[in-house]
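The values are calculated or read from the model by the stated rules, or taken from the named source; none is laboratory data. Since this is a predicted model, take the numbers as computed values, not measurements. Cβ coordinates were reconstructed from backbone atoms using ideal geometry, including for glycine residues, and neighbour counts include every protein chain displayed. The accessibility values were calculated without ligands, DNA or RNA, using every heavy atom of the protein model including side chains. Shrake-Rupley method; radii C 1.70, N 1.55, O 1.52, S 1.80 Å.
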Amino acid sequence: MKIFRQAITTIWSPLTAEQQSLANSVQCDRCLVVNPICRAKSFGEHGLEGVVNQMKQHDVVILGGGPAGSTAATLLALLGLDVVVVEKEYFPRFHIGESLLPATVNIFERLGVHDPIREAFIRKPGGKWLYGEKAVPGDFEKYDSQASFKANPYSYLVERSTFDKILIDRSIDAGADVRLGTEVSDIITENGRVVGVHCQSDKGQKYELRARLVIDATGLRSVIPSKLRLRKLTEPHRMGIYAQYAARPTRDDVKAGWFIGQMFYDGWTWLLLLPEDRFSVGTVLTVDRFKKSRMTPTQLLEKMVDENPLLNEGMTADRKRISDVMVTGNMGNSSESLAGNGWVAVGDAAYFIDPCYSSGVHLAMKSAEMVADLIAAQSKECLINKAVFDGYQKHMRQHEKTVQNMVDAFYIASRSTSAQKLVTSCQGGYFSRKFVTFVGGDFHKNSAFVARFRFYSRFANFLFGNDANRAPENSPSYLHDAGNLSASDVAAAEIEFMPEKISA
C-alpha cells in the first residue's frame, strides 16, 4: 500500500503539503477506513476519479447558474478555461424578473443565444409608467446619441424558467462543467484569500472545489460577501409580492408587448404579458406599509388586482390566478466590497437597488461580461487578485450611484403630486431621449442628467408638496388598515423570504 500510495502521489504531483495531508486522511464511506486514494465520500464513486477531481485546481468556480453565472461561464469556457458552475436548483425553475432591456441584446449576440430567445419570447418595444391617468412612455426607438442599442432598439418579455435554461444550456455547450442540484455550504479561505468552496449535492455528497478565482453569482443570497460580513441592507426596506394570472390583455400597449407600471404612494404595481395568455402581476411597497395594511400577501395582491386601475382594467374580467403568491422581502442590498483576493461578485450578489427599471438581468449579464473579459486578460499561470477588479469596482459603483439617484427620483414622484406633474410635463425631446437611453440599460451614461433630475424632483416636492386628496393612491395612508387582521395575526403571518427569486 505504501508503494502504491507513493506512485499515486507522484502521478498527481505537485500537491501542496496541505493537499497531501488531506489525501492521506480521507475516510471512505464504503471502506470505512482511512484510504489515501478514495474520494467516494465526496463523489459517490469508489475509485481514483474522486481524488483527481478533489485535488484539481480549476481556473474558475462560479456560484450560481442564473444569467450572471451562465454568462461568465459561457464566455470563459469558450476561451478554453476550466470552468465549474455550482447551482443549487435544477433547470427549468421559476424566477421573477421577466422584463429585459435592449442594451442586453448585444450580450445575447455575443453569447450566441439571440436566435432561441427571439423565437421563444414576446418582443418588448418599451416601458410605460402611469401617474394616475397620465403616462410616461419610454419607447426604445427614441434614444439619444449615447445609446448603445441603436441597432436593436427593442428587448423581450421572457419566461425566466425558459430563458435561464437557454443560457445555462449554452454554458454546457461551450464546455463548462455545470453541476445542478449542488449547494455551497461554505467558502474556503487561506491566508486571507478565497481559494474554493465546500459543496454538497442534493444526494448528500460533500466535496471541495478549488480555483484560481471564485465568482459569486448567487443573486441576493450573495454567499461570499455575506460570509465575509460585507453585505448590508439598504433603506428603506421594500418588498415584492407577485404571482401569475391567466387572462387576455385588454390594453393595446399590453397586447403590443409593453411593460406597464402604475404608481401609488411610495410603491407601484406592474403588469406584463407572458406567452399563452398569461401575465406576471406584482407590486412593490415598503415592508412598513405592508404591515400597516393588516393583510396577508395574498389578500393584498388580490386587492390590488381588483382595485388598481392598471391590474383591474389591463386583464379580462375572467382572470384567474394560476400560481402561488410569492414574496421577496428586504430587496435592497449592497456589498462593501465587490471583490477580494480570489473572488469577485457579479449581478445581484454585488448589489441590488430596486426592480422599478428592470435593471436586474442586464446588470447581471453586463457585470459578468466585464468580469469574464478581465479574467481572460490574465495569465493562466497566475492567481487572480483583488487589484485586477479595481476598474470593475469603480464602474459598478458609478452605476450604483446613478441608478440609486434615478430610483430616488422615481419614489419622490410616487409620493409627490408636484413631482409627478414635473415628470409628466417633460415628455418629448431632450428629456425623453435621455430617459430612454437610461431605461434602455445604459445606466452609466447621462449620470449628470440623472443627478439633476433627482434634484429637480426634490425641489418641486419641497416647493409644492403632495396633494393627498387628489386620489386615494396619493395619500400617505394608502393601504393602511385595509385588511381585517389583528396585530397578532399580522405578526404571525408568514412571509417567505426568497432573496434569490426577484431580479426584475
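Placing dummy labels 7 Å off each Cα toward the beta-carbon, the span from Lys386 to Thr298 is 4.8 nm. Counting only Cβ charges, +1 for Lys and Arg and -1 for Asp and Glu, the dipole size of the chain around its Cα centre is about 820 debye. Remark: spin-label model distance Phe94-Glu133 equals 3.7 nm, labels positioned 7 Å along the Cα→Cβ axis.
This model, with +1 at the C-beta of Lys and Arg and -1 at the C-beta of Asp and Glu, gives region 366-489 a dipole about its Cα centre of some 560 debye.
Output the pairs from Lys142/Lys434; Lys292/Lys320; Lys366/Lys445 with a Cα-Cα distance over 19 Å in this structure; if there are none, say none. Working shown, then result.
On the way: Lys142/Lys434 9 Å; Lys292/Lys320 27 Å; Lys366/Lys445 14 Å.
Table pairs above 19 Å Cα-Cα are Lys292/Lys320.
For region 235-376, the solvent-accessible area works out to 30 Å² per residue, with a probe of 1.4 Å and every protein chain left in place. Extent along the principal axes, Cα only, for region 349-403: 43, 18, 14 Å, with the longest axis given first. Here Arg470 and Ala377 are evaluated by their C-beta separation; at R0 = 60 Å the FRET efficiency comes out at 0.60.
Computed across region 313-364, the Kirkwood hydrodynamic radius from all distinct Cα-Cα pairs reaches 14.1 Å.
Counting charges near Phe259 (Lys, Arg +1; Asp, Glu -1) among other residues having Cβ under 11 Å from its Cβ returns a value of 0.
Among beta bridges from DSSP that stay inside the chain, the antiparallel ones total about 75%. Relative to the dominant Cα principal axis of the chain, helix 160-174 is inclined by about 30°. Per the Debye calculation on the chain with a single equal scatterer at every Cα and no solvent contribution, log₁₀ I(q)/I(0) for q = 0.08, 0.09, 0.11 Å⁻¹ amounts to -0.53, -0.66, -0.93. Computed extension length for Gln393-Asp202: 65.3 nm, one decimal, from 0.36 nm per residue of separation with the Cα-Cα distance subtracted.
The distance between label points at Leu180 and Asp324 comes to 2.0 nm (points 7 Å beyond Cα on the Cα→Cβ vector).
Of the solvent-accessible surface of region 415-454, computed with a 1.4 Å probe and all protein chains present, 56% belongs to carbon and sulfur.
Excluding same-chain neighbours fewer than eight residues apart, the aspartates and glutamates reachable from Lys88 by a Cα-Cα span under 19 Å are Asp164, Asp169, Asp177, Glu183, Asp186, Asp202, Glu208, Asp216, Asp348, Glu496, Glu500.
The length gained on full extension between Ser145 and Ala317, counted as 0.36 nm times the residue separation minus their Cα-Cα distance, comes to 57.6 nm. Residue by residue, region 474-484 carries 3J(HN,Hα) couplings of 8, 8, x, 8, 4, 6, 5, 6, 7, x, 10 Hz when phi is fed to the Karplus relation 6.51 cos²θ - 1.76 cosθ + 1.60 (θ = phi - 60°); x denotes Gly or Pro. Taking the C-alpha atoms only, the angle from helix 447-464 to the longest principal axis of the chain is near 40 degrees.
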